[in-house]
Every structure is written in C-alpha cells, then in structure tokens.
1. Every residue in segment 145-167 that is open to solvent by 20 Å² or more (accessible area, probe 1.4 Å) and at pLDDT 95 or above, please.
2. Would you confirm whether or not segment 202-211 contains a residue that is under 25 Å from T224 (Cα atoms), at pLDDT 95 or above and touching a His at 6+ places or on another chain (Cβ under 9 Å)?
3. Within the bounds of segment 356-371, is there any residue that is basic (K, R), within 21 Å of A285 (Cα to Cα) and open to solvent by 20 Å² or more (accessible area, probe 1.4 Å)?
4. Any residue in segment 43-58 that's within 20 Å of L33 (Cα to Cα): show its pairings with residues that are surrounded by fewer than 18 Cβ atoms within 10 Å (Cβ to Cβ) and charged (D, E, K, R) at Cβ separation under 7 Å, as long as the two are six or more apart or on different chains.
5. How do the pairs read when you match residues in segment 229-243 that are free of Cβ contacts under 8 Å to residues at least 40 places away in the same chain with residues anywhere that are away from the ligand (no atom under 16 Å from the Cβ) and part of a loop (DSSP other than H, G, I, E, B), using Cβ under 9 Å and keeping only pairs 6 or more apart or on different chains?
6. Go through segment 188-250 and tell me which helices (runs of 4 or more DSSP H), entirely inside it, have 1 or more residues that are open to solvent by less than 50 Å² (accessible area, probe 1.4 Å), more than 16 Å from the ligand (Cβ to nearest atom) and under 19 Å from I123 (Cβ atoms).
7. If you check F258 against the conditions, is it aromatic (F, W, Y) and away from the ligand (no atom under 16 Å from the Cβ)?
Amino acid sequence: MNRLSSATLADVPAEVLRPDYDRTATRCGVVHLGIGAFHRAHQALVFDDVLNAGDLRWGIVAASLRSPAVREQMAPQDGLYTMLVRDGSVEQARIIGAVRQVVVAPDAPQALLAALAAPETHIVTLTVTEKGYKLDPATGALMEDDPQLAADLGSLASPQTAPGYLVAALALRWRAGLPPFTAISCDNLPHNGTRLRHAVLELARRHDPALADWIAAEGAFPETMVDRIVPATTAEDVAALAERLGVEDQAMVKTEPFLQWVIEDKFCGPRPDFGAGVQLTAAVAPWEEAKLRLLNGAHSGIAYLGGLAGIEHVHEVLALPEARRFVEALWDEAEATLSPPPELDIIAYRSALIARFDNPTLRHRTRQIAMDGSQKLPQRLLATIAARLEAGQGIDALSLAVAAWIRWQAGKDDLGQAHAVDDPLAAPIAAALADAGDARARVTAILAFEAIVPPALGRNPLFAEALTRWLSLLESQGARNALTSLDR
Ligand code: CS2
C-alpha cells in the first residue's frame, strides 16, 4: 500500500480534513525539540490551525533528539500525518501539515542548529520529558554528572541535550546580531519555563557569561500548562487507519477531543494569533498545579494500582468501583492543597476528568503512564503530600498511590506477571530495594532517595508510617484489596 504523502493526499477520502493552505508557501517560524506523539497531537495541531487561518509563518521544523524512528515515520510522508480524535463511536480524522521538516539531531546536529539559528525562527517548543532538562529534581541544579550534560559543559560544537542545543543556537543568534527566540517548555513540570530558563542560563554561563547575560536580558521562557491525553499508537491503529484512508500512515496519532494549552504571555519576539484553543495568561502556575495534582496525580495512581492488578488500560481500571472511589478520595486530598485560578471550576473539572479517563476508545495503557515514575512523582504526588502534612491533613489515598509505585519497582504484578521498570533511576532503586528485608526497610530505602523525595518529607514519620502500612498490604493482599480497604 502507498504511504500517505503530498503525492497521495488526493487519494484520501474527501471526508478526511486536510491542510487548507499551500504547504509549499509556509515558512518555519517554529522549531520543536522532541517530536513524539504528544507534540503531533498538541502543539503541531495548534500551529496547523494558525496556518489554516492564513498566517503562513508558523510551519514547524521538528527534531528528534535521539531516535531516528520518527524520521522513518514522517520523512517518506513529507511530514504529513493523521490525527485521529476518538470519543465513543465518533472517530474524526484530520491530516496535519504543519511539520515541514524532521531532523534527527544525532545524525545532523548542524542542520538542527541552523534551523534554531535561522532568522525566521521565532518560537522553540520542547517536549523532552521531565528528564530532558538535566536538572536535579531535588536541588534544581544542573546534573553535572550526567554524561550528555557533561559533554555539553565541555563543548557545544555538537550538542547532546536540549539545553545544549538552545545555548549553542542562542550563541549563534547573538553573534549574528539576531534576537533570541521564545523557548516554550511543554513538559508536565511545575514552573517549566523557569526551569528551562535556569538550565539554559547555567549552561550558557559556563561557556560565556556575556552570552548568559544577553539571554537573561533579551530571551523569554514562558511557563505553560499543556493537556491532552495521547496514548501510544499501536500497529492495530495503523492498520485500521490504512483501511479507512486507502494509504498507510505510520506517523498517525490518536487522541481525545479535549485540548488545553495555557501559556504565560511573555514572548520576546513575534507570535501567532493562537485562536481559541490557547489561553494566554499572566499566571500559569495555578493551572499547572491543578492539572499536575489532579489529572497526572490520579493517572500515576491508576497506572501503578491498575498495573499491579494486571489491568492493561486506564478505562478498565476505572470500571472498578473501588478504583473510582480511590480517584475521588485522591482528588479530595489534592484539591485542598490547590489555589485554583478563578476561571477553573474544580467540580466541573473533576467530572470532566473522569469522563476523559473513561473514554474506552483511547485504550491508554497503564504501563505507558507508569514509566519514569521517579521523575513524575515529585510534582504529581509528593508535593501534594508535603502540603497536606504541613497543614495537619490526612494522606491516605495519596500515600496508597506512592506505595503502589514502590511495589511496582519489584517488577512483578499481583498475578506474577513480570514488567520492565522503565525509569532512569530503575537500577539504583532496584539495588536499594534488594537489600531491604521488609516493607518498612523498603520504605526507608526509597525515602532516602533525595533526588525523588525532598529531605523534610523523607524524614516525616507520618509519611513513612502510611507508606509502610500500604506497602505491607499491597505485598500481602494485592492492589485490589488495598483499594477496597481504602474504602472502609
Ligand atoms: C500521563 C500524561 O503518561 C503520563 O504520565 O499522565 O502523559 C497525561 O496523559 C498528559 O499529561 C495529559 O495531558
């Protein structure tokens, strides 16, 4: 079967939406670092809307910082791919044309630097995951022992990390007398813009303090909150879409109808008129905190408890009444720690979240969400727990979620099925747990990881007590019984 491409676009059934602009006339005002499914279903769609509205400055050069897989998916398709929005029996397909070029950074570092340094580039977006910022989660300092960052601290001739690329490109712009670009972190981290700015300035300062001063004065790193559930595409998804399109699309993404992008209105250069899909605001933090503690906090709890119970997908976990009650209990606890923006109606938000998690056609795998727990838990669950303990409040549901994550590290679910623990700290965590004789010792070992657990929280006896109680129960009776006992 032919692949989707500019040449075969006309063969796609007319009911499928497609770019309503001349792709050859677009310029690339955006460079994106970390092109995965999330970018394709989120920021790229927003820029596609802008292009459809007639502002042709905002095509995207999208870079993969590691794997060449995405080039094999997208380059033969001229950057075209389908976004499939699934909800119940409705499945709407739209072909997105915003990605004009795909660069695999390790193969062509100079091509990526040239795109970042191009005069027409005004915005750089990033989805490099929590671990891509190379900042110690506990101290916020540059992770100097990280081999890739160490390489970038030595030389930026051929950068290895996202901050490295930004600094090298900003240096080129500075020397060429060009303004900097606006760098927009789109990862699920609190104060993501501030973190990115810090990583960039620290790295720049090591190379050239004057460059760092220029970036600090002229650059912009807005905070953002991004939200859209984008499960990994499966081979069955690709096959089913090929039936419908009549051409094969290996770069397709599947997602839900919901999309939210809140951006701090702090750009240092041109930006498009984003339209209705994007909220520009002065204060992103309250949005980000509510989303991380409610949506992502519940997601991680569902992933570990559901995963331990041997359940493959989020909506199947939510089909258990005890799991629904757990999610509501976790939200009751988390909600009390929030200062939500006035426009955010938490009751409506919570019920919309349940409906999103229930979407049976997304087939969002618990194991996808379970990855990188050491990088996710601090902002999703641990900060919430710290805030509640400080206020003298209970942490029953939140600590069950954390205990389930600890249990997940053993690499086996309640049915004895093995799973890989996909996490940058998997090896040291496994080593620490291997020496621990019982649940209490395992909790003590985990609480000593200062890169994950802030020291004051790690020393809190109430937290250690709650985790030990839940971990013992999870180990002896399994996740479903633990969920049920939360109920009583
Ligand atoms: C999920 C997120 O995989 C995960 O950790 O919790 O990717 C989640 O689907 C998005 O943040 C939703 O906006």
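1. Residues of segment 145-167 that are open to solvent by 20 Å² or more (accessible area, probe 1.4 Å), as a first pass: 145-148, 150-151, 153-158, 160.
Result: D146, P147, Q148, A150, A151, L153, G154, S155, L156, A157, S158, Q160.
2. Checked against the condition, which is being under 25 Å from T224 (Cα atoms), at pLDDT 95 or above and touching a His at 6+ places or on another chain (Cβ under 9 Å), segment 202-211 yields no hits at all.
3. Let us first name the residues in segment 356-371 that are basic (K, R), namely 356, 363, 365, 367.
Now narrow it down to the ones that are within 21 Å of A285 (Cα to Cα): none.
Within segment 356-371, not a single residue is basic (K, R), within 21 Å of A285 (Cα to Cα) and open to solvent by 20 Å² or more (accessible area, probe 1.4 Å).
4. So the pair list comes out as R57/R27.
5. V238/D249; V238/Q250; V238/M252
6. Numbers: elements: 192-207, 209-218, 235-245.
Here the list reads 192-207, 209-218.
7. Details: aromatic (F, W, Y): yes; away from the ligand (no atom under 16 Å from the Cβ): no.
In short, no.
Let's see how each residue does on (1) touching a helix residue (DSSP H, G or I) at 6+ places or on another chain (Cβ under 6 Å); (2) assigned by TED's automatic domain parsing to the domain that holds K376; (3) not basic (K, R):
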{"site": "G219", "(1), (2), (3)": "no, no, yes"}
{"site": "V230", "(1), (2), (3)": "yes, no, yes"}
{"site": "A240", "(1), (2), (3)": "no, no, yes"}
{"site": "K254", "(1), (2), (3)": "yes, no, no"}
{"site": "L259", "(1), (2), (3)": "no, no, yes"}
{"site": "E264", "(1), (2), (3)": "no, no, yes"}
{"site": "P270", "(1), (2), (3)": "no, no, yes"}
{"site": "G275", "(1), (2), (3)": "yes, no, yes"}
{"site": "G306", "(1), (2), (3)": "yes, yes, yes"}
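The values are calculated or read from the model by the stated rules, or taken from the named source; none is laboratory data. What you see is a predicted model; the values in this text were computed from it and never measured. No Cβ is skipped: glycine too gets one built from the backbone with ideal geometry, and neighbour counts run over all protein chains shown. Each accessible area value is taken on the protein alone, full model and side chains, heavy atoms only, with ligands, DNA and RNA left out. Shrake-Rupley method; radii C 1.70, N 1.55, O 1.52, S 1.80 Å.
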